[in-house]
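Step one of this worksheet: look at the structure below.
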Amino acid sequence: MVLVAAGCAVPPGPVPVIDDADSTATMWGDEHPGLLVDLDDRISVPSGGAVVELVDGWTRRANATVSAQGVTARARSSSAGDVGVVEWRGHGVLRQVTAGMISPEVAEGALVGNPRAGAEPNPSASSQPRGLGVSASASSYGAMAGGGVVVAPGPLRVALAGWQLPHDASARVMLGSLEHRTERTLMGVVGGGMLSPRATGQAVSIFGARADESSFLGGEIAVAADRVRGVARVVAGSRREWSAIASAGAVPSGEGDLAFAASERWGAAVERRDAWDGGASRLRASTSTRRGVSSEARRRRLSWDAVWPVSTDARVEFATRATRDLELHAATGRVAALPSLEVHDEWRARATLRARRPVAAGWSVENAYRLEWVEARTGRPGTMATWTCAVRAPGVEWRFAASAFALGGGQVVYSADSAPVGAASFEAVSGRGVSMSALVRARFRRHASLGVSWSQRPPGQARVSVFLTLRA
């Protein structure tokens with residue numbers, strides 16, 4: 001159930017923004033099992049401003065963000081741990097200095113990728129070429145302690161970064177990159193190594209990209225542990241409506257840092273986006289293979305989602321997804337036997353009607369009605385129905401949500417259970433039951449807000465949190 005919606009946008013272009021954390025074109029909830037979706041890096045703080053957020057109750061969390069003279073500092077304390085980062089950005093030769101909890105990435109992700117990428121290849125519609133990048137993160141997931149610096153004398157860009165592996169405090173990674181940029185092209189190389197008491201490793205990556213008015217082509221080839229992995233990505237069309245990606249051996253960072261892990265991944269995906277008269281749709285097909293020492297997992301997935309305005313105050317959203325998972329396990333034991341093959345099929349669908357109506361000066365009422373279905377293993381789809389209502393007035397906001405679900409054995413729906421400030425998580429819902437949540441928040445002259453949230457899913461205990469936000 002939604003208490004506070006996360007701002008997730010579809011790819012850039014004419015496609016409208018869809019602004020609900022569990023709406024179409026964003027997340028179903030099972031992309032990252034157990035993942036806490038951090039939103040701190042989306043907090044907008046103007047230069048010379050500061051935001052402090054405190055949450056107490058069933059969950060405790062404190063966030064602070066300060067921005068001044070190109071410097072942004074973030075700190076976060078929660079049950080997931082304490083993290084902080086300081087970042088400076090400029091427009092001269094020295095472009096960026098970052099220290100603290102960072103999220104490093106290299107080009108298309110063949111060497112160091114986004115840990116949030118998960119198992120499914122993501123055909124991003126971005127046409128911005130990039131090399132080694134170090135972004136500040138106050139997230140409790142995927143971030144690593146380290147720092148980086150970027151200088152850009154003319155068309156050259158030099159970046160240095162180092163960090164500590166989150167799963168091995170004694171291991172260090174150092175990378176450096178050199179790239180040459182023009183208006184349409186990018187060519188570069190990155191190299192470095194990992195040092196730990198147990199093992200060392202070196203890696204090198206060559207990447208390039210070219211973009212014009214109607215297409216983008218980017219690729220990366222990396223060598224680590226005497227093995228090669230690569231990623232190629234294409235964006236094409238008069239409105240950049242087509243995008244595709246193919247990868248060989250690459251894994252998200254955190255699973256194999258500068259060396260191949262016990263499992264490797266291959267995958268490909270293609271995506272088509274369309275927009276018309278305020279509406280939009282997206283069709284995606286993907287395939288991925290993950291090979292381990294004695295097993296192989298394959299996933300085939302087809303998804304479609306769309307948004308259509310029915311009036312100036314209402315829109316409908318549709319989404320559906322079909323997945324086939326195949327798992328091949330090597331034979332075990334002394335008796336000769338054939339490998340075992342397991343096949344699991346699943347489909348999900350949802351339909352949502354959203355309406356917003358002004359009722360008085362500064363007053364508005366928003367309602368969302370959703371039906372969601374899931375079919376897995378039972379031969380009969382399970383259902384979840386959710387109603388969300390929000391009333392906004394000058395200085396006051398009130399939200400209420402209620403859900404009823406009837407799911408069979410093995411069927412799971414992922415419900416967005418949003419904390420008031422800073423993070424949202426998707427909780428697995430199964431069986432039969434109901435759940436409710438409510439939130440009240442009052443704002444004081446745009447400098448402070450105070451609120452309380454409540455949620456309960458019987459037979460569990462009620463969750464109550466009080467939160468305070470201060471802006472300067």
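Brief remarks on what is shown
- Dividing the alpha-carbon radius of gyration of region 97-216 by the rule-of-thumb value 2.2 N^0.38 Å gives 1.10.
- Across region 265-400, C-alpha contacts under 8 Å between residues 6 or more apart give a mean separation that, scaled by the residue count, equals a relative contact order of 14 percent.
- Distance between modelled label sites at Val86 and Leu302, nm, 7 Å Cα→Cβ extension: 5.4
- √(5λ) per eigenvalue of the Cα gyration tensor, region 165-231, largest first, Å: 30, 12, 10
- Along the axis of the charge dipole computed for region 194-248 (Cβ charges of +1 for Lys and Arg, -1 for Asp and Glu, origin at the Cα centre), the listed residues Phe216, Thr200, Gly237 are led at the positive end by Thr200.
- Largest to smallest principal axis extent of the C-alpha atoms in region 281-421, angstrom: 77, 31, 27
- Ranked list, fewest to most other Cβ atoms within 10 Å of each Cβ, for Leu165, Leu178: Leu178, Leu165
Read-outs throughout are calculated quantities, based only on the coordinates presented, and are distinct from any laboratory measurement. The shown structure was predicted, so the numbers you read here are calculated from the model rather than taken from an experiment. With ideal geometry, Cβ positions are generated from the backbone for all residues, glycine too; neighbour counts draw on all protein chains shown.
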